[in-house]
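The values are calculated or read from the model by the stated rules, or taken from the named source; none is laboratory data. It should be emphasised that the depicted structure is a prediction, and the values quoted were computed from it without experimental measurement. Note that each Cβ is placed from the backbone with ideal geometry, even for glycine, and that neighbours are counted across all protein chains shown. Heavy atoms of the whole protein, side chains included, go into the accessibility calculation; ligands, DNA and RNA do not. Shrake-Rupley method; radii C 1.70, N 1.55, O 1.52, S 1.80 Å.
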Amino acid sequence: MRIIAGALKGRRIRTTEGPGYRPATGRVRESVFSMLESLGVDWSACRAADIFAGSGALGIEALSRGAASVLFVELAARAAGLIRTNLEELGVARERWRLVRGDALRWLASETPAAWDLAFVDPPYGRDALLPALLHMAERGWLAHGGLLCAELEAGLELEEPVHPALTLLRDKSYGQTRILIWRKE
């Protein structure tokens with residue numbers, strides 16, 4: 001998989017395979033970042049998180065575009081190891097990223113919130129983890145006021161809007177079997 005834009009454009013990152021694991025395709029990542037930029041994301045000041053990180057492709061793409069820092073949370077040991085390896089091989093400065101290996105929902109429920117400017121949430125399909133993750137983000141202070149929450153889910157999965165009074169849905173686009181939703185924290 002290649003990084004689409006920014007300082008690391010064209011560089012490859014390694015991914016893994018497994019049940020519920022599906023790295024965002026180049027087309028989907030390109031669309032996600034186009035939507036985020038149209039919503040005014042200032043990468044140089046952006047503190048981001050990649051929750052249920054998988055390959056870490058979304059967080060790495062944010063770093064390539066200049067995000068100040070990215071937190072990656074991933075349960076699978078192999079995937080977390082590949083995120084670390086990719087970041088080290090790409091030469092991303094250690095102070096710009098942090099990797100947490102653990103259950104994302106437990107971590108969001110127990111840690112002190114950090115008020116990110118942008119959070120990517122991409123839980124494994126079929127795990128019913130999306131809504132609990134969104135509620136943690138909205139209720140516990142994980143997103144700064146005006147912060148963006150970008151979720152990737154199965155195209156057929158229905159969510160009743162509003163998912164939370166503090167989250168305003170800005171974008172809802174489908175790409176084959178993948179659906180992207182972006183909310184702003186009010």
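The single condition among (1) over 13 Å from the mean Cα position of the chain (by Cα); (2) in a loop (DSSP other than H, G, I, E, B); (3) at pLDDT below 95 that ALA138 does not satisfy is (2). Of all residues in segment 165-184, those being open to solvent by less than 30 Å² (accessible area, probe 1.4 Å) and either of a type in the set (Ser, Thr, Tyr) or in contact with a Leu (Cβ under 7 Å, 6 or more places away or on another chain) (or both) number 6.
Being closer than 26 Å to SER174 by Cα, touching a His at 6+ places or on another chain (Cβ under 9 Å) and either of a type in the set (Gly, Ala, Ser) or touching a residue at least 12 places away in the same chain (Cβ under 8 Å) (or both) holds for only one residue in LEU63, LEU105, LEU58, and it is LEU105.
Identify the residue in segment 61-87 that is part of a helix (DSSP H, G or I) and in contact with a strand residue (DSSP E or B) (Cβ under 8 Å, 6 or more places away or on another chain) and, among all such residues, is most open to solvent (accessible area, probe 1.4 Å). Step through it out loud before you land on a result.
Just the residues of segment 61-87 that are part of a helix (DSSP H, G or I), to begin with: 61-64, 77-87.
Checking the rest, the ones that are also in contact with a strand residue (DSSP E or B) (Cβ under 8 Å, 6 or more places away or on another chain) come to 62-63, 77, 80, 83-84, 87.
On the way: ALA62: 0, LEU63: 7, ALA77: 59, ALA80: 5, ILE83: 0, ARG84: 88, LEU87: 0 Å².
Residue satisfying both the conditions and the ranking: ARG84.
Restricting attention to segment 103-117 and to residues that are aliphatic (A, V, I, L, M) and assigned to a helix (DSSP H, G or I), the residue that is most open to solvent (accessible area, probe 1.4 Å) turns out to be ALA109.
Determine whether segment 144-154 contains at least one residue that is part of a loop (DSSP other than H, G, I, E, B) and more than 22 Å from ARG106 (Cα to Cα).
From segment 144-154, those part of a loop (DSSP other than H, G, I, E, B) are none; that's our starting set.
Checking segment 144-154: not a single residue is part of a loop (DSSP other than H, G, I, E, B) and more than 22 Å from ARG106 (Cα to Cα).
In the list LEU170, LEU181, LEU143, LEU149, which residue meets the criterion of being within 16 Å of the chain's Cα centre (by Cα), under 19 Å from GLU37 (Cβ atoms) and in contact (Cβ under 8 Å) with a residue 40 or more places away in the chain? Full working, then the answer.
Numbers: LEU170 fails: within 16 Å of the chain's Cα centre (by Cα); LEU181 fails: in contact (Cβ under 8 Å) with a residue 40 or more places away in the chain; LEU149 fails: in contact (Cβ under 8 Å) with a residue 40 or more places away in the chain.
From the options LEU170, LEU181, LEU143, LEU149, the qualifying one is LEU143.
Keeping to segment 38-56, report how many residues are within 20 Å of TRP107 (Cβ to Cβ) and either open to solvent by 30 Å² or more (accessible area, probe 1.4 Å) or in a helix (DSSP H, G or I) (or both).
Pass one, segment 38-56, residues within 20 Å of TRP107 (Cβ to Cβ): 47-56.
Then drop every residue that is not either open to solvent by 30 Å² or more (accessible area, probe 1.4 Å) or in a helix (DSSP H, G or I) (or both), which leaves 47.
Residues flagged as within 20 Å of TRP107 (Cβ to Cβ) and either open to solvent by 30 Å² or more (accessible area, probe 1.4 Å) or in a helix (DSSP H, G or I) (or both) within segment 38-56 amount to 1.
All conditions but one from (1) at pLDDT 95 or above; (2) open to solvent by 10 Å² or more (accessible area, probe 1.4 Å); (3) of a type in the set (Phe, Trp, Tyr) apply to PHE120; the one that does not is (2). Of the residues making up segment 88-102, just one is open to solvent by less than 30 Å² (accessible area, probe 1.4 Å) and not hydrophobic (A, V, I, L, M, F, W, C), namely GLY102. Which residue pairs have Cβ atoms closer than 6 Å, lie 6 or more positions apart in sequence or on different chains, and pair a first residue in segment 26-52 that is farther than 16 Å from TRP116 by Cα and touching a residue at least 24 places away in the same chain (Cβ under 8 Å) with a second residue that is open to solvent by less than 60 Å² (accessible area, probe 1.4 Å) and not β-branched (Val, Ile, Thr)? Note: pairs meeting the criteria are VAL28/TYR175; ARG29/GLU61.
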